[in-house]
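Enquirer: This is the structure, below, for whatever I ask next.
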Amino acid sequence: MSSAYIIGIIVALLIALSCYAFVSQSIDKKRKQKQRLLAALKTRSRNFKYMLNGFPPDFLTKDLQALVNRCLVDVTEQLARIEPDNKTYVEELQLFSKQLEEIKRKPQKTKRKQLDNPQQVKEVKKYLQELNKFIASMVNRGNISKAQSANYERQIKNLVLQMTVDAYLLNAKQSQQNNKARLAVHYYTLALKLLTKENAQGTYQKQIAQLKTVIAQLEDQLEEEEPDYKESEHSVASRDAAAKEWDELNEDDDSWKKKRVYD
């Protein structure tokens with residue numbers, strides 16, 4: 001056997017080994033990419049389900065309910081394409097698609113579901129933060145326009161506003177039950193100031209009028225019970241600190257949008 005023939009065989013083997021290594025690496029790379037995509041989609045699906053079930057019934061606006069369900073449909077479709085033999089995805093896709101159509105058909109509710117305990121307020125705020133982050137990530141990926149994003153974020157801000165007012169009202173009513181009328185006035189006043197600040201379009205005029213009536217009644221009661229009362233410096237400081245909560249919450253909105261947890 002000539003040396004040239006042997007060299008040819010060796011070269012051929014080296015080429016074959018290189019091709020095998022390249023194909024093997026490509027297959028392994030695609031497998032890992034598929035695993036990463038699958039894991040990301042499953043996490044996203046789990047987050048959406050958690051979010052959707054976490055909100056009280058009829059708390060979200062019709063638009064936001066449709067958004068979350070639409071995202072669930074899209075994610076489940078991708079999961080079904082990657083794992084076509086998984087019947088769970090097919091069943092879930094039918095369920096989410098049906099829910100989305102039902103949401104589209106039902107009328108927009110004008111009366112919002114009020115939150116009735118502090119723990120619920122805390123949890124719902126967390127869900128709204130997650131939803132806001134996801135909307136920001138959708139804009140970054142080009143899935144929705146900035147105009148659509150602004151509309152969704154405006155609805156979320158309104159829900160956060162009402163949720164904050166709910167928290168103040170809960171504290172105010174609890175204070176009244178504990179015979180702490182002055183503290184109740186404090187919380188009612190915080191709610192009043194917050195609604196007045198955001199009432200450029202007259203949206204909260206009815207709530208504002210109701211709060212003014214309640215505050216006036218309590219102040220008349222306090223005037224009779226404690227005619228010589230003077231507010232302490234500590235009370236003033238506490239009131240001013242609480243009054244900053246909404247401004248800080250608005251600042252937090254920007255940080256919500258910067259965190260891209262759904263990429």
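Enquirer: Would you call Leu37 over 17 Å from the mean Cα position of the chain (by Cα), at pLDDT 85 or above and on the phi < 0 side of the Ramachandran plot? Working first, answer last.
Expert: Details: over 17 Å from the mean Cα position of the chain (by Cα): yes; at pLDDT 85 or above: no; on the phi < 0 side of the Ramachandran plot: yes.
No: the conditions fail for Leu37.
Enquirer: Since Glu130 meets every condition but one in (1) open to solvent by less than 50 Å² (accessible area, probe 1.4 Å); (2) closer than 19 Å to Phe55 by Cβ; (3) not aliphatic (A, V, I, L, M), which condition does it not meet?
Expert: (1)
Enquirer: Restricting attention to the stretch 91-119, which residues are open to solvent by less than 70 Å² (accessible area, probe 1.4 Å) and at pLDDT 80 or above?
Expert: So in the stretch 91-119, the residues open to solvent by less than 70 Å² (accessible area, probe 1.4 Å) come out as 92-93, 96-97, 99-100, 103, 106, 112, 115, 117.
Scanning the stretch 91-119 gives Glu92, Leu93, Phe96, Ser97, Gln99, Leu100, Ile103, Lys106.
Enquirer: Looking at the structure I just gave you, is Asp58 outside any helix (DSSP H, G or I), at pLDDT below 90 and either charged (D, E, K, R) or surrounded by fewer than 16 Cβ atoms within 10 Å (Cβ to Cβ) (or both)?
Expert: yes
Yes/no per residue for (1) farther than 30 Å from Asn158 by Cα; (2) at pLDDT below 85; (3) of a type in the set (A, V, I, L, M, F, W, C); (4) assigned to a helix (DSSP H, G or I):
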position: Ile10; (1), (2), (3), (4): yes, yes, yes, yes
position: Ile27; (1), (2), (3), (4): yes, yes, yes, yes
position: Lys32; (1), (2), (3), (4): yes, yes, no, yes
position: Met51; (1), (2), (3), (4): no, yes, yes, yes
position: Gln78; (1), (2), (3), (4): yes, no, no, yes
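Enquirer: Oh, and also: Considering each of Met163, Met138 in turn, give the residue that is assigned to a helix (DSSP H, G or I) and in contact with a Ser or Thr (Cβ under 9 Å, 6 or more places away or on another chain). Steps first, please.
Expert: Numbers: Met163 fails: in contact with a Ser or Thr (Cβ under 9 Å, 6 or more places away or on another chain).
Going through Met163, Met138 in turn, the sole match is Met138.
Enquirer: Could you list, in sequence order, all residues of the stretch 176-227 that are closer than 25 Å to Leu159 by Cα, among the charged types (D, E, K, R) and not in a loop (DSSP other than H, G, I, E, B)?
Expert: Hits for the stretch 176-227 are Lys193, Lys197, Lys206, Lys212.
Enquirer: Answer with yes or no whether Gln108 is in contact with a Lys or Arg (Cβ under 8 Å, 6 or more places away or on another chain) and outside any helix (DSSP H, G or I). It would help to see each step written out before you state the result.
Expert: Working: in contact with a Lys or Arg (Cβ under 8 Å, 6 or more places away or on another chain): yes; outside any helix (DSSP H, G or I): yes.
Taking the combined requirement at face value, the residue satisfies it.
Enquirer: Quick one: is Glu153 surrounded by 15 or more Cβ atoms within 10 Å (Cβ to Cβ) and at pLDDT 85 or above? It would help to see each step written out before you state the result.
Expert: Values: surrounded by 15 or more Cβ atoms within 10 Å (Cβ to Cβ): yes; at pLDDT 85 or above: yes.
The answer is yes for Glu153.
The values are calculated or read from the model by the stated rules, or taken from the named source; none is laboratory data. No experiment lies behind these values; they were computed from the predicted model shown. Using ideal geometry, Cβ is built from the backbone for each residue, glycine included, and neighbour counts are taken over all protein chains shown. Each accessible area value is taken on the protein alone, full model and side chains, heavy atoms only, with ligands, DNA and RNA left out. Shrake-Rupley method; radii C 1.70, N 1.55, O 1.52, S 1.80 Å.
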